[in-house]
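One structure below.
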Amino acid sequence: MSEDRPQLYLATPPSFDLEVFPQLLARVLGAQEIACIRLGLATKDEDKVMRAADAVRQVAHEFDVALVIENHIALVERHGLDGVHLTDGARTVRYARKELGQEAIVGCFCAASQHDGMTAGEAGADYVCFGPVGETGLGTGARAERDLFQWWSEVIEVPVVAEGALTEDLVRDFAPVTDFFAVGEEIWTAEDPVAALGRLVAAMG
């Protein structure tokens with residue numbers, strides 16, 4: 001990978017079959033260089049989350065890839081994970097950092113809010129995600145525009161992640177102004193996730 005090319009950040013599907021997904025994840029990790037995996041499950045069933053965390057951690061660490069879990073700060077140390085990804089903007093960053101220590105990864109999603117992103121960075125976030133960068137009916141539908149990434153990459157040192165409804169054209173457009181692309185549903189809903197990811201990577205140039 002060239003130095004100035006964005007890195008890949010992989011988000012798991014919101015639900016998956018523990019009999020099938022680990023093997024699929026291993027195929028994806030074997031095909032592309034992935035910097036980090038985010039485990040984000042829709043379920044509130046603690047047992048399901050814990051079993052998924054163990055299964056995904058096993059594969060991630062086999063490939064020497066960091067694994068963060070969405071929001072469940074209490075499960076990070078218990079399951080040997082590398083950190084947490086917070087979905088409430090900057091609100092919990094300080095608390096997570098205090099609980100998990102300086103070595104853990106603490107990242108957060110700040111939608112399209114430059115203010116939230118800056119606050120999160122000041123509170124100790126290791127990275128900030130903005131999105132969606134593409135067209136989606138989810139949430140408010142408000143997009144994180146390229147100008148935000150352009151400004152951030154010129155002014156702020158905290159790494160920035162572009163995510164949400166990515167297409168090859170968007171990847172091509174945002175590649176010069178983001179440090180990471182978070183890829184999830186874009187590949188998991190495809191017939192061949194490895195090929196789908198390959199097309200997005202090729203678009204980085």
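The values are calculated or read from the model by the stated rules, or taken from the named source; none is laboratory data. All of these numbers come straight from a predicted model, not from anything done at the bench. Backbone-built Cβ (ideal geometry, glycine too); neighbour counts: all protein chains shown. These area figures cover heavy atoms from the full protein model, side chains too; ligands, DNA and RNA do not enter into them. Shrake-Rupley method; radii C 1.70, N 1.55, O 1.52, S 1.80 Å.
Restricting attention to the stretch 17-58, report how many residues are farther than 27 Å from Ala202 by Cα, open to solvent by less than 50 Å² (accessible area, probe 1.4 Å) and either touching a residue at least 60 places away in the same chain (Cβ under 8 Å) or not small (Gly, Ala, Ser) (or both). Total meeting the criteria: 4. Residue count for the stretch 139-161 under the criterion of being free of Cβ contacts under 8 Å to residues at least 60 places away in the same chain and under 22 Å from Cys36 (Cβ atoms): the result is 10. Considering Ala96, Ala123, the condition of being in contact with a Leu (Cβ under 9 Å, 6 or more places away or on another chain), surrounded by 15 or more Cβ atoms within 10 Å (Cβ to Cβ) and at pLDDT 95 or above is satisfied by Ala96 alone. Suppose the filter is under 28 Å from Leu24 (Cα atoms), touching a strand residue (DSSP E or B) at 6+ places or on another chain (Cβ under 7 Å) and assigned to a helix (DSSP H, G or I); does Leu200 pass it? It is true that Leu200 is under 28 Å from Leu24 (Cα atoms), touching a strand residue (DSSP E or B) at 6+ places or on another chain (Cβ under 7 Å) and assigned to a helix (DSSP H, G or I). Those helices (runs of 4 or more DSSP H) of the stretch 64-174 in which at least 1 residues are hydroxyl-bearing (Ser, Thr, Tyr) and more than 30 Å from Asp54 (Cβ to Cβ), considering only elements entirely within it, cover 114-123, 146-155.
Only residues that are without any contact (Cβ under 8 Å) to a residue 12 or more places away in the chain and aromatic (Phe, Trp, Tyr) were counted across the stretch 75-104, and they come to 0. Close Cβ contacts (under 8 Å, 6 or more residues apart or on different chains) running from residues in the stretch 105-128 that are at positive phi to residues that are among the hydrophobic types (A, V, I, L, M, F, W, C) and open to solvent by less than 50 Å² (accessible area, probe 1.4 Å) comprise Ala111/Phe130; Ala111/Ala144; Gly124/Val93; Gly124/Val106.
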